[in-house]
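Scroll down for the structure; my scribbles are underneath it.
The values are calculated or read from the model by the stated rules, or taken from the named source; none is laboratory data. Remember, it's a predicted structure, so these values are computed and weren't measured experimentally. Cβ sites come from the backbone with ideal geometry, for glycine too, and all protein chains shown count toward neighbours.
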Amino acid sequence: GENVEQHPSTLSVQEGDSAVIKCTYSDSASNYFPWYKQELGKRPQLIIDIRSNVGEKKDQRIAVTLNKTAKHFSLHITETQPEDSAVYFCAASKPGGSYIPTFGRGTSLIVHP
Amino acid sequence: NAGVMQNPRHLVRRRGQEARLRCSPMKGHSHVYWYRQLPEEGLKFMVYLQKENIIDESGMPKERFSAEFPKEGPSILRIQQVVRGDSAAYFCASSPSVGHSYEQYFGPGTRLTVT
């Protein structure tokens with residue numbers, strides 16, 4: 001089955017800096033890669049996603065890049081703000097069957113004011 | 001359009017009791033997924049259901065755990081004879097159509113504590 005590795009497990013940055021979270025996946029058939037943000041005690045919420053037919057997608061201060069050959073994708077957050085502090089999860093899923101995403105273990109992002 | 005609803009939000013059970021967790025998907029969504037999240041860990045898939053059908057239960061323990069999504073009413077995740085290791089946050093997610101959209105919308109979760 002699919003295996004998703006996520007790094008780092010913890011990321012501490014100063015307000016205004018950029019943050020990058022990286023994930024690798026094992027199944028070359030995976031073609032959908034969502035990123036979720038989970039604040040403490042809250043539900044995971046989709047913040048951005050990318051499909052395998054594009055290499056990059058951007059939405060204001062967040063962007064995701066995908067390298068299908070290397071089977072890795074990354075989340076980039078620019079001009080970080082304290083409210084960006086949360087746990088971020090990457091996931092990978094593939095068509096056919098149940099489209100069930102496999103999640104990474106999460107990255108705890110701490111943005112210091 | 002109300003989001004995914006889960007209840008109760010917090011549930012305390014003593015060892016050996018039963019836990020029933022409910023999930024009402026978003027309006028128009030017919031696919032429900034249950035996940036378990038242990039502290040400082042990711043979301044682990046348990047079971048995927050459509051109305052009146054279990055599609056994939058590969059992530060759900062064979063014993064003590066069961067799930068259903070009846071024609072009417074919410075999806076229910078049932079844990080019998082709970083043990084301390086069952087303490088976790090249980091999230092459900094729904095999606096409108098597997099072939100149309102991959103996106104899953106999560107509920108607020110039920111935090112189960114087994115004493």
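For B:Val47, are the conditions met, namely being closer than 13 Å to B:Phe106 by Cα, surrounded by 17 or more Cβ atoms within 10 Å (Cβ to Cβ) and hydrophobic (A, V, I, L, M, F, W, C)? Taking the combined requirement at face value, the residue does not satisfy it.
Just one residue in the set A:Pro101, A:Pro82 is modelled with pLDDT of 95 or more and touching a Pro at 6+ places or on another chain (Cβ under 9 Å); that residue is A:Pro82. Could you grab me the full set of residues in the range B:4-15 that are within 12 Å of chain A (Cβ to nearest Cβ) and either among the β-branched types (Val, Ile, Thr) or surrounded by 18 or more Cβ atoms within 10 Å (Cβ to Cβ) (or both)? B:Val4, B:Gln6 - these are the residues of the range B:4-15 that are within 12 Å of chain A (Cβ to nearest Cβ) and either among the β-branched types (Val, Ile, Thr) or surrounded by 18 or more Cβ atoms within 10 Å (Cβ to Cβ) (or both). Across the range B:1-23, the number of residues qualifying as part of a strand (DSSP E or B), without any contact (Cβ under 8 Å) to a residue 60 or more places away in the chain and closer than 15 Å to A:Arg43 by Cα comes to 0.
When the range A:85-98 is filtered for residues that are at pLDDT 95 or above and not in a strand (DSSP E or B), only A:Ser85 remains. Just one residue in the set B:Ser94, B:Ser87, B:Ser66 is small (Gly, Ala, Ser), within 14 Å of another protein chain (Cβ to nearest Cβ) and either more than 30 Å from A:Ile48 (Cβ to Cβ) or in contact with a His (Cβ under 8 Å, 6 or more places away or on another chain) (or both); that residue is B:Ser94.
Checked against the criterion of being assigned to a loop (DSSP other than H, G, I, E, B), crowded, with 16+ Cβ neighbours inside 10 Å, of a type outside the set (Phe, Trp, Tyr) and without any contact (Cβ under 8 Å) to a residue 24 or more places away in the chain, the candidates A:Arg43, A:Arg105 yield just one match: A:Arg43.
Okay, residues lined up against (1) surrounded by 13 or more Cβ atoms within 10 Å (Cβ to Cβ); (2) farther than 14 Å from A:Val87 by Cα:
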residue: A:Thr24; (1), (2): yes, yes
residue: A:Phe33; (1), (2): yes, yes
residue: A:Gln38; (1), (2): yes, no
residue: A:Asn53; (1), (2): no, yes
residue: A:Gln60; (1), (2): no, yes
residue: A:Ala63; (1), (2): yes, yes
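Among the residues of the range B:23-44, some residue qualifies, meaning at least one is more than 10 Å from every other protein chain (Cβ to nearest Cβ), more than 27 Å from A:Asn3 (Cα to Cα) and surrounded by fewer than 14 Cβ atoms within 10 Å (Cβ to Cβ). Checking every residue in the range B:106-113 against the condition of being within 20 Å of A:Ile100 (Cβ to Cβ) and away from every other protein chain (no Cβ under 14 Å) gives zero matches.
So, in the range B:51-69, exactly how many residues are assigned to a loop (DSSP other than H, G, I, E, B) and in contact with a strand residue (DSSP E or B) (Cβ under 8 Å, 6 or more places away or on another chain)?
So the first thing to find is which residues in the range B:51-69 are assigned to a loop (DSSP other than H, G, I, E, B), and the list is B:51-52, B:57-64, B:69.
Now drop any that are not in contact with a strand residue (DSSP E or B) (Cβ under 8 Å, 6 or more places away or on another chain), which leaves B:57-60, B:64, B:69.
Of the residues in the range B:51-69, 6 are assigned to a loop (DSSP other than H, G, I, E, B) and in contact with a strand residue (DSSP E or B) (Cβ under 8 Å, 6 or more places away or on another chain).
Of the candidates A:Ala91, A:Ala70, the single residue that is among the aliphatic types (A, V, I, L, M) and either touching a His at 6+ places or on another chain (Cβ under 9 Å) or facing chain B (nearest Cβ under 9 Å) (or both) is A:Ala91. Could you tell me whether A:Ser18 is of a type in the set (Gly, Ala, Ser) and either more than 11 Å from chain B (Cβ to nearest Cβ) or in contact with a Pro (Cβ under 8 Å, 6 or more places away or on another chain) (or both)? Yes, satisfied. Exactly one residue out of B:Glu72, B:Glu52, B:Glu18, B:Glu57 is within 11 Å of chain A (Cβ to nearest Cβ) and charged (D, E, K, R), and it is B:Glu57.
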